[in-house]
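Okay, structure first, notes after.
Only the coordinates and a few stated rules stand behind these numbers; no lab work does. For clarity, every value in this text was computed on a predicted model and none was experimentally measured. As a convention, Cβ positions derive from the backbone with ideal geometry for all residues, glycine included, and neighbour counts pool all protein chains shown.
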Amino acid sequence: MAAFYDSRIGFDQCILLVVMSIFCCVCVHGSDPPLTLDYYKEKCPNVLEIVRNEMECAVLSDPRNAALILRLHFHDCFVQGCDGSVLLDDTITLQGEKNAPNNKNSLKGFRTIDRIKNILESECPGIVSCADILTVAARDAVVLVGGPFWEVPLGRKDSKTAGYELSNTNLPTADDGLLSIISKFIYQGLSVTDMVALSGAHTIGLARCVNFRERIYGDFPITSAMNSASETYLKNLKSICPPGIGEDNKESAMDYVTPNLFDNSYYQVLLRGEGLLNSDQELYSSILGVETKKIVQKYAENPIAFFEQFSESMVKLGNITNPETYVDGEVRKNCRFANT
Ligand code: HEM
């Protein structure tokens, strides 16, 4: 029964969480990143316009592109900080993150970033980092599907390395229980409120059957109390995603009400117990989720509160850094490969 996993987590793990919350933001962040709003003002004044134009084309041609870029940015920042490491291809000397189990057959949107990078390299060669491109593109993605705008601090460097192993340990997964999800956010210096607000990104985009099969053949009827509308929804999900194996890559929206619109209906779906991923429904239905449940209720009622917190939390997400990248990092010429 997926949504209640956490009841098995013991006292010692709770203590560990508290200790992590005190120490881990220090170990990941080290110090505040030297990012500024006008970083490219002199060196590449049109950077924001160029990213925006390309994102407009991408999202106009397919609104899914907004979800793909937003998720790419999240997966970049949770592994070695926001350093474009997720964009690196495998080479003989480098194992990238793209084929890590949490990313394989799942992360997309790389060509959109390549297109933006190519234009920026002809406009201002060697100036704009791939990590910054991804951060701005994620903000524009949200705006273009109806979400809030926020200013993006800039000046990130690109890593020369990737974190295959860290992708396995740092990224939350669909079957994670609430405490596991919270601990992964705390490790990055993000709060429980940040976690619930950032999960609102699931108001757009799709998940694959392999990530929601256990949920729909598990506790979905319990959390949703099976009103007749939920029954129809569940039937539909089961027809997309059969039990056992097979059809693993078939997809369904996480917010089935407005899948292409960035709004607060994801939280309303959780109130009805109809969250597609176990990890989503945990925010509302876990017996350990007294605090997260209140936040879900608040955002379900108040879209402005959600938008404000989402913007603030996205800046925090974008500021996750590995201080070493500022010393060792570079501006890649091609986002897929470190410069030689
Ligand atoms: C809270 C913990 C989170 C978990 C456990 C989680 C897990 C997942 C999973 C399993 C999928 C479906 C992937 C697939 O089936 O291929 C997904 C999709 C997505 N996630 Fe998350 N996620 C979390 C937080 C976030 C955050 C913080 C963001 C961004 C700020 C985000 C943005 C997205 C987006 C936009 C999609 C849809 C991508 C698409 O359409 O392909 N997620 N997430």
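On a 0 to 90 degree scale, rounded to 10, what angle separates helix 110-123 from the longest Cα axis of the chain? The helix 110-123 is inclined about 20 degrees to the chain.
Annotation note: chymotrypsin sites (Phe, Trp or Tyr not before Pro) in segment 76-182 located in DSSP loop regions with a Cβ neighbour count of at most 11 within 10 Å are Phe149.
Placing +1 at every Lys and Arg Cβ and -1 at every Asp and Glu Cβ, with all other atoms neutral, what dipole size does the chain have around its Cα centre, in debye to the nearest 20? Computed about the Cα centre, the dipole is about 460 debye. Mean residue ellipticity, 222 nm, helices only, the chain: the sum of -39500 (n - 2.57) across DSSP H runs of n ≥ 4, divided by residue count and rounded to 500, is -16000 deg cm²/dmol.
Residues considered: Ala67, Ala197, Ala229. Largest GNM mean-square fluctuation over the chain, using C-alpha springs under 10 Å, is found at Ala229. Of the residues Leu206, Leu70, Gln297, the one whose Cα sits farthest toward the positive end of the charge dipole of the chain, with +1 on the Cβ of Lys and Arg and -1 on the Cβ of Asp and Glu, is Leu206. Backbone phi angles across segment 214-225, fed through the Karplus curve with coefficients 6.51, -1.76 and 1.60 (θ = phi - 60°), yield HN-Hα couplings of 4, 5, 6, 9, x, 9, 3, x, 6, 5, 8, 6 Hz in residue order; Gly and Pro are listed as x.
Axis angle, to the nearest 10 degrees, between helix 47-61 and the longest C-alpha principal axis of the chain: 40 degrees.
In debye to the nearest 20, how big a dipole does segment 189-313 give about its Cα centre with +1 on each Lys and Arg Cβ and -1 on each Asp and Glu Cβ? Kindly include the intermediate steps, with their values, before the conclusion.
Values: 10 positive and 16 negative charges, 66 e Å.
Here segment 189-313 has a charge dipole of around 320 debye.
How large is the dipole of segment 29-105 about the Cα centre if only Lys and Arg carry +1 and Asp and Glu carry -1, each at its Cβ, rounded to the nearest 20 debye? Intermediate values should be presented prior to the final figure.
Values: 7 positive and 12 negative charges, 40 e Å.
Computed charge dipole of segment 29-105: roughly 200 debye.
The modelled label-to-label distance for the pair Thr232/Asn302, using points 7 Å beyond Cα in the direction of Cβ, is 3.3 nm. Packing here is the average count of other Cβ atoms within 10 Å per residue, and on that basis the peptides 180-186, 116-122, highest first, run 180-186, 116-122.
Within straight-line reach of Lys294, meaning a Cα separation under 27 Å, sit the following lysines at least 8 residues removed in sequence or on another chain: Lys184, Lys316. Computed from phi, the 3J(HN,Hα) profile of segment 278-286 under the Karplus parametrisation 6.51, -1.76, 1.60 (θ = phi - 60°) reads 4, 4, 5, 5, 3, 4, 9, 9, 5 Hz, with x in place of Gly and Pro.
Highest mobility in the GNM of the chain, judged by mean-square fluctuation with C-alpha springs under 10 Å and restricted to Asn53, Asn227, Asn170, is found for Asn227.
By the rule of a C-alpha distance below 21 Å, with chain neighbours fewer than 8 residues away ignored, the lysines paired with Lys43 are Lys117, Lys157, Lys333.
When each of the peptides 302-311, 55-64 is scored by the mean number of other C-beta atoms lying within 10 Å of its residues, the order from highest to lowest reads 302-311, 55-64. Pairs of Cα atoms nearer than 8 Å and 6+ residues apart set the relative contact order; for the chain it is 28 percent.
In degrees from 0 to 90, rounded to the nearest 10, what is the angle of the helix 303-318 Cα long axis to the longest principal axis of the chain? Long axis of 303-318 versus the principal axis of the chain: about 50 degrees.
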